[in-house]
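The values are calculated or read from the model by the stated rules, or taken from the named source; none is laboratory data. Fair warning: this is a prediction, and the values are worked out from it, not measured in the lab. Positions of Cβ are generated from backbone atoms using ideal geometry, with glycine treated the same way; all protein chains shown enter the neighbour counts. Quick note on the areas: whole protein, heavy atoms, side chains included, nothing else; ligands and nucleic acids left out. Shrake-Rupley method; radii C 1.70, N 1.55, O 1.52, S 1.80 Å.
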Amino acid sequence: MISLIAVLKAKPGKTHALKTALQALLLPTRQEPGNVEYQLFQLRDTPDCFYVRESWRGQEGLEAHIALPHFQDFILQMDDLLAEPLRLDYLTPVEP
């Protein structure tokens with residue numbers, strides 16, 4: 001299992017457009033066979049910043065996601081929407 005948080009910060013004036021673009025990814029991504037979780041969050045106190053918490057059934061599922069048309073369409077919009085490069089923070093479970 002691969003879990004990560006994607007951090008995306010909108011350019012000034014692009015918050016709504018980024019939110020719409022990210023929302024468009026939710027349903028098709030959740031239907032991918034390799035997807036376990038795909039949740040979008042907008043920071044309450046910093047509304048131009050979004051987090052996507054996602055989990056995949058392995059590297060193959062994540063790589064397949066990146067290659068699919070709905071994600072490739074998003075990639076083409078990133079330069080216009082993002083104030084800084086997309087950040088991916090990979091998570092390691094901590095069990096007692």
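For the reader, a short list of remarks on this structure follows.
- Convex hull of Cα atoms in the chain, direction-averaged projection (nm²): 6.6 nm²
- Fully extended contour minus Cα-Cα distance, from F41 to I66, at 0.36 nm per residue: 7.0 nm
- Only protein heavy atoms count here; on that basis, with a 1.4 Å probe, K9 has an accessible area of about 70 Å².
- Protection proxy ranking of 46-56, 60-70, by the mean of other Cβ atoms within 10 Å over each peptide's residues and highest first, is 46-56, 60-70.
- Counting only protein heavy atoms and a probe of 1.4 Å, the accessible surface of the chain is 57% carbon and sulfur.
- Straight-line cross-link partners of K14 among the aspartates and glutamates, defined as a Cα under 18 Å from its Cα and at least 8 positions apart when in the same chain: D45, D48, D73, D79, D80, E84.
- Normalised by the number of residues in the chain, the mean separation of alpha-carbon contacts (under 8 Å, six or more apart) gives a relative contact order of 45 percent.
- Note on T20 and R87: the model spin-label points, each 7 Å out from Cα along the C-beta direction, lie 2.7 nm apart.
- Residues of the chain: accessible area per residue with a 1.4 Å probe, Å²: 63 Å²
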